[in-house]
Amino acid sequence: MNIILFGPPGAGKGTQSKYLVKKLNCFQISTGDMLRDEIEKDSEIGKKITDNMNEGKFVNDDIVNNLIKNILFDPLKKDKLIFDGYPRSLSQAKNLDLLLESSKQKIDFIFFLNVNKDTIIKRIEKRKILERRSDDNTNTILKRYDTYMQTTSPVLDFYSKNPNFYEIDGTLEIDKITSKINDILKV
Ligand code: AMP
């Protein structure tokens, strides 16, 4: 089963993906984690993206598209993908469609975790204290939210027509969101 978790930063995509990975024995594709790894390794990609990430801007589509490409063609991960934070732009969504088609896969469920700005700011402020993420300061959070709002509507339009698209109230408690997802997945 392949699933996309879609929503603003701080909507709980990471938390729900980790749960789904365990429950369904799948693999999480978190482009945010992959990009942070590149920065940690101080790779060529890492050097290019540090400023963008710290400023809360999106990383270039080509870089992100390249990072996920091989995973789609990994036979061990086929039909076991949980997308967390990808796709985030219309061009990424279209790229994913092409990769799915050529790797003979499809998306089974798209969950849109919808959360308002105030809740996001509160949640990320909390995460900043717990996880010490360098892009989790209030200005960057606001910038990340604005970036998300600017690029998100075309992606939402793109996916909301899909019969497997489900909007879930992301302001609910973690367990409530999980149980809504389980009900839809019938697991
Ligand atoms: P996340 O951990 O998903 O909140 O992502 C953290 C940051 O990584 C974002 O603010 C972007 O700068 C970058 N990023 C993660 N995923 C993508 C993506 N699919 N496209 C562009 N930038 C991304």
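The table below lists the values:
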quantity	calculated
Filtered trypsin sites (Lys or Arg not before Pro), segment 151-183: DSSP coil and at most 12 other beta carbons within 10 Å	LYS161
Cα gyration tensor, segment 113-187 - rounded (a/c under 1.5), prolate or oblate	oblate
In segment 71-158, the chymotrypsin sites (Phe, Trp or Tyr not before Pro) that fall in loop regions by DSSP, at most 14 other Cβ within 10 Å	PHE73
Inter-site label distance for ILE121 and ILE184 at 7 Å from Cα along Cβ, in nm	2.8
Over segment 69-187, relative contact order from alpha-carbon pairs under 8 Å, at least 6 apart, %	33
For ILE4, distant residues with modelled amide H under 5 Å away	PHE83, PHE109, ILE110, PHE111
Rounded percent of accessible protein surface that carbon and sulfur make up, the chain, 1.4 Å probe	51
Distant-in-sequence amide H partners of PHE27 (H built 1.01 Å from N, under 5 Å)	LEU81, ILE82
Average accessible area per residue (Å²) across segment 3-165 - probe 1.4 Å, nucleic acids and ligands excluded	53
Phi-based couplings in Hz for segment 125-137 (Karplus 6.51, -1.76, 1.60; Gly and Pro marked x)	4, 5, 5, 4, 5, 6, 10, 6, 6, 5, 9, 9, 9
P(r) tail fraction, the chain - alpha-carbon pairs more than 25 Å apart, %	32
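The values are calculated or read from the model by the stated rules, or taken from the named source; none is laboratory data. This structure is a prediction, so every number in the text was calculated from the model and none was measured. We place every Cβ from the backbone using ideal geometry, glycine too, and count neighbours over all the protein chains shown. To get the accessible areas, we keep the full protein, side chains included, count just its heavy atoms, and leave off ligands, DNA and RNA. Shrake-Rupley method; radii C 1.70, N 1.55, O 1.52, S 1.80 Å.
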